[in-house]
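Right, one structure below, let's go through it.
The values are calculated or read from the model by the stated rules, or taken from the named source; none is laboratory data. These numbers were taken from a predicted model, which means no experiment stands behind them. Backbone-built Cβ (ideal geometry, glycine too); neighbour counts: all protein chains shown. Accessible surface is based on the protein model in full, side chains and every heavy atom, while ligands, DNA and RNA are left aside. Shrake-Rupley method; radii C 1.70, N 1.55, O 1.52, S 1.80 Å.
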Amino acid sequence: MATIASISRRDLLQKGSGLIVSFALGGAFARPVAAQTGVAADVGKPLDPRQVDSFLMFHSDGSMTIYTSKVDVGTGLRIAVRQMAAEELGMPVERIAFVEGDTALTPDHGGTGGSTGIPRGGVEIRQAAATARQALLELASNRLGRPASELTLVNGEARPTAGGPGVGIGALIGGRRLSLAVDRQAPLRDPRSYAVVGKPLPRPDVPGKCTGQHVYLQDFSVAGMLHGRVIRPPALGASLQSVDESSIRAIPDVRVVRIGNFLAVVAPDEWAAVRAARELKATWSEWQGLPRSNDMERQLRAAAIAREETLVDRGDPARAMPSAAKQLSATYCWPFQSHGSLGPSCAIADVRADGATVWSASQGSHGLRSVLARTFGIPQEKLRVIYMDGAGSYGTNGTDDVAADALLISKTVGRPVRVQWMRADEHGWDPKGPPQLLDLRAGIDFEGRILAWETQMWLPVAVPGTRPLVAADAAGITQPRGQNAGQISQNADPPYAAANLRVVTHWLKEVPLRLSNLRAPGKIANVFAVESFTDEIASAAGVDALAFRVRGLSDPRALDVLKRAAEMIGWQARPSPNPQSVEGNRLAGRGLAYVRYKQAENYVAMAMEVAVDRATGEVRVERVTCAHDCGLVINPDSLRNQIEGNILQTLSRALHEEVKFDRSQVTSVDWASYPILRFPEAPKVEVALLDHPSLPPLGAGEASAAPVAAALANAIFDATGVRLRTVPFIAERVKAMLTRA
Amino acid sequence: MANYSFQLNGRAVTVDSWDPAQPLLYVLRNTLGLHGPKFGCGLAQCGACTVLLDGKAVRSCVTPVRQVARHAVTTLEGLGTPEKPDPIQAAFIAEQAAQCGYCTNGMVMATKSLLNQTPHPTLDQVKQGLAGNLCRCGTHTRILSAVMRVAKA
Ligand code: FES
Ligand code: FES
């Protein structure tokens, strides 16, 4: 086992010991407290994701701990995965402790992203629990002298199904390991008997979050810790020419760290570090290597192509197009967007001679460990990354970069160092969601059916290797120059019947800013284009938008969500635009959109009512209805919270958000220059969950984000007769379009 | 170092700071160990750092510590605990009105301030009252339900 450089206070307070665990029943969740040995007793536990003991540990007092590399970034995973394990093991959820994203304690079954927390993470833990269930029933069978088939697990004990005394799980196995491989065939409980899965259990972290008791990474500290702040150059590629340390002489106990172009300050007092970073005089070289951010369409069209890829090729759209009764074409454009985490990214690093520990809110502790180990030359087994909650990240925000900042400074000064980015660091330097450009073309026949469809997309190509870390670049450390924004080319084909269909991606070599996965990567823009264009076709054919979609779909689950969302909003069948939209300056309309997420996962339909102010161009979303089918529902309330969040956040992205830059740097570096949705704009949101208990559960962190921008654009068209094809739909843009129309 | 005395969550405290311009936020979080108020922007733009100063919401990230001397400061911790939450906190918990929860401090404290002045606001008044508080997770609808739960009580 690796030597772990430091054992944190968190280990002592929060991490499970296999030996001494205390928990309170009723209300408070099991929160294992390690033995007072100074060493968390579960360091050294199995980590192999093929082994049950890696995921689950049973304690002698009847509680248990789940270990997982999937983390809860405010999504509800923490309760949902407990419910899945509790169901298989007949274990009360309050007796289950949960350890997330600690490379020394949790098996690596993938980072948290792509909505995989439940469908992969939760399902794997459920299978481990089902395997454990079989083993526990066998143990109980020996103990009780009855065949395992006559026993069941209920309320933390094994007991005869027919009744009679049982034996507690703690007494059966507590403190010992099962030493069992996860059995892929271990039978799961029958969904018809579910007692815990499907219940809207409250999330254990919410009371602490509402009372200031929840310990965020930003709130955490380790003994001897210094506060660091990094001074970023005024231009992305500028080099540091000189530093005048006398400029901060008046600020107590500050030390300047300079490694190549990496410039930072550290101080025992956080405010001293903040002020020093602000006041330290440094001169940087000129650099103007960025294109201008205006006219993204022209830039993307002109960018160098890495390769072309045909994603869908059915029939022959080019041949079919001329025979169409009507042909349509349109271009859609989506800008760079920021994760815009409400709390800037933070990390604590403690680098010592014998190893290092990094506390991070990264969605992938193991991935971060390998990147940091490779970049900074620390053997992987000597680097421990421990997850703690940060502000919502929605993908890879500044977390990896701030971890590199903290690690580099700690390595230099030989003390534990906490770095929290300032607002301008987060907005300016987080890796961005990609810009996207789509050209669509369709031909319809005399009945208004899609005869031929062609999508051409311009998207940044994935380059193998990890994303360069800002600190390593500045310090002149060689590192891979990967580029990856996630699965951004999905959902660019219409889900509706089309005999001739072609989807082509022009993969661009590079774009001006670093990229990463941002919630529902690529899909929001693709669905925005495809589902807006679908409405353009329906409108050209003079067909109601709902009727047009229903006619092109045959999957009953697709039809169910569409009909449900439409019914909830009170859909009146008629073609768009709305002939009776005007009421003074207020133009009213409604629109809808549908997606089968990644063409293989969730079914989501969304309808919206909007009002557009003709005088100002301001768009108000008044009501949103969403019908959501993600298979088996684990926790309906957490699921709704995710769906509501997807809707509101994506409305914000569609209405307001665009990263701006000049020739030197990102210029949208605060909430004034990068505005997001505010309370007065919050619509009424109604969500219907279409539960399918006998189907596998799908993730829900992303899918309902995908149709939002399209439903909004369709509603705006219905209200105004103006088709918005470029995001964001800011008032000036809408007003300009209305004036031109 | 100068000393600053004020009421904090009903108790008298005295802190020293090398800089009279040090924002209250850093004093609360680092000197006094109260982590309810959060650093979100340091620019008075998001509300994550909100505390009450004599019962009114202020942004502690831009409130110099010298300015609170001899006044009363209330933080999220001063309202209630998970076991004994204040009615606003209880409503947020009941509505599960948090995702990441990083904005929650500001939402609860801004609500407290609003209800101190307008005990029974309408939904529109609540929306206006919280207009300066940002939530990135999109928890707005739940936060509004939580506040309306208290407003109607
Ligand atoms: S941190 Fe004070 S308003 Fe944002
Ligand atoms: S709950 Fe995450 S910012 Fe509001």
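State, in square angstrom and to the nearest 100, the accessible area buried between chains A and B, both chains counted, probe radius 1.4 Å. If you can, show how the numbers build up before the last one.
On the way: alone 27830 and 8020 Å², together 31080 Å².
Separately minus together, A and B give about 4800 Å² buried.
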Bounding extents of region A:397-446 in its principal axis frame from Cα atoms, largest first in Å, are 74, 19, 11
Which percent of the Cα-Cα distances in region A:520-603 go past 22 Å? 29
Distance between region A:257-300 and region B:30-107 - C-alpha centres, whole angstrom: 30
What part of the accessible area of the protein assembly as shown, given as a whole %, is carbon or sulfur when the probe is 1.4 angstrom? 50
Expressed as a whole number, the average count of other chain Cβ atoms within 10 Å around the Cβ atoms of B:32-43 is 6
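DSSP loop chymotrypsin sites (Phe, Trp or Tyr not before Pro) in region A:238-311 with at most 16 other Cβ atoms within 10 Å of their Cβ, which ones? It would help to have the intermediate numbers written out before the result.
Numbers: sites: A:262, A:271, A:284, A:287; in loops: A:287.
Loop-located and lightly packed - A:287.
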Classify region B:87-152 from the C-alpha gyration tensor, please: rounded if a/c falls under 1.5, else prolate or oblate depending on whether a/b exceeds b/c. prolate
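Pairs of Cα atoms under 8 Å, at least six residues apart: use those to get the relative contact order of chain A, whole percent.
Values: 1813 pairs, mean separation 97.9, N = 741.
About 13 percent, as a whole number.
Please express the shape of region A:148-245 as an equivalent ellipsoid: the semi-axes are the square roots of 5 times the eigenvalues of the C-alpha gyration tensor, given largest first in whole angstrom.
Numbers: eigenvalues 578, 72, 64 Å².
For region A:148-245, the ellipsoid semi-axes come out as 54, 19, 18 Å.
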Name the long-range amide H neighbours of residue A:688: under 5 Å, sequence gap of 5 or more, or other chain; modelled H, no Pro or chain starts. A:626, A:627, A:628
Tabulate in residue order the Karplus-calculated ³J(HN,Hα) for region A:529-546, using 6.51 cos²θ - 1.76 cosθ + 1.60 with θ = phi - 60°, rounded to whole Hz; enter x for Gly and Pro. 5, 5, 7, 5, 5, 4, 5, 4, 5, 4, 5, 5, 8, x, 10, 4, 4, 5
Using the Karplus curve 6.51 cos²θ - 1.76 cosθ + 1.60 with θ = phi - 60°, work out ³J(HN,Hα) for each residue of region A:655-665 in order, rounded to whole Hz, and write x for Gly and Pro. 7, 10, 9, 7, 6, 10, 8, 9, 6, 10, 6
If each part is reduced to its alpha-carbon centroid, region A:464-515 and region A:409-428 end up apart, in Å, by 27
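As an exercise, take the mean of 1/r over every pair of distinct alpha carbons in region A:282-327, invert it, and state the Kirkwood radius in angstroms. If you can, show how the numbers build up before the last one.
Numbers: mean 1/r = 0.0637 Å⁻¹.
Hydrodynamic radius (Kirkwood, Cα pairs) of region A:282-327 is 15.7 Å.
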Base-10 log of normalised Debye intensity for region A:411-507 (one unit scatterer per alpha-carbon) at q = 0.15, 0.18, 0.19, 0.24 Å⁻¹: -0.79, -0.96, -1.02, -1.26
Restricted to Cα positions, what overall size does region A:340-443 have along the principal axes? Three whole-Å values, descending. 67, 28, 22
With viscosity set to 1.002 mPa s at 20 °C, what whole-number translational diffusion coefficient in µm²/s follows for region B:1-132 from Stokes-Einstein and a Kirkwood radius over Cα pairs? 143
Cα shape, region A:171-216, gyration tensor, a/c 1.5 rule: oblate
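Stokes-Einstein D for region A:73-150 at 4 °C, 1.567 mPa s, Kirkwood Rh over Cα pairs, in µm²/s?
Numbers: Rh = 13.9 Å.
Answer from the Stokes-Einstein relation: 93 µm²/s.
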Distance between the C-alpha centers of region A:524-576 and region A:589-639? Whole Å please. 12
Chain A, helix-only ellipticity at 222 nm - DSSP H runs n ≥ 4, -39,500 (n - 2.57), divided by all residues, nearest 500: -8000 deg cm²/dmol
Which positions within region B:136-153 get 30 Å² or more of their accessible surface covered by the other protein chains, compared to the chain by itself, with a 1.4 angstrom probe? B:136, B:137, B:138, B:140, B:141, B:142
I need the per residue convex hull volume for region A:456-558, using only the alpha carbons, in cubic angstrom as a whole number. 128
For the protein assembly as shown, with every protein chain kept in place, what is the accessible area per residue (1.4 Å probe, Å²)? 35
Check which residues have an amide H placed less than 5 Å from residue A:385's amide H, if you skip close sequence neighbours. A:103, A:104, A:358
Considering the Cα trace of region A:520-740, what is its radius of gyration and what is Dmax, both in angstroms? 17.1, 55
Counting only other chains, and only Cβ atoms inside 10 Å, what mean value do you get across the residues of A:640-650? 5
How large is ³J(HN,Hα), in whole Hz, for each residue of region A:188-198 in order, when computed from phi with the Karplus curve 6.51 cos²θ - 1.76 cosθ + 1.60 and θ = phi - 60°, using x for Gly and Pro? 8, 4, 5, x, 5, 9, 4, 10, 10, 5, x
Please report Rg (one decimal) and Dmax (integer) in Å for the Cα set of region B:2-78. 10.9, 30
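Where does each of A:88-96, A:301-309 land if you order them by average Cβ count within 10 Å, highest first? Spell out each step's value before the answer.
Numbers: A:88-96: 22.4, A:301-309: 12.7.
The packing order, highest mean first, is A:88-96, A:301-309.
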So which lysines pass the test for residue A:411, namely a Cα distance under 19 Å, with those fewer than 8 places away in the same chain ruled out? A:382
Computed over region A:262-418, Cα set: Rg, Dmax in Å: 23.4, 74
Long-range amide H partners of residue B:8, meaning residues 5 or more apart or on another chain whose placed amide H is closer than 5 Å, are B:13, B:73
Evaluate 2.2 N^0.38 Å with N set to the residue count of the protein assembly as shown, then give the Cα radius of gyration divided by it. 0.95
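Any chance you could tell me what percent of the C-alpha pair distances in region A:430-487 go past 14 Å? It would help to have the intermediate numbers written out before the result.
Details: 1135 of 1653 pairs.
I get 69 percent for the Cα pairs in region A:430-487 exceeding 14 Å.
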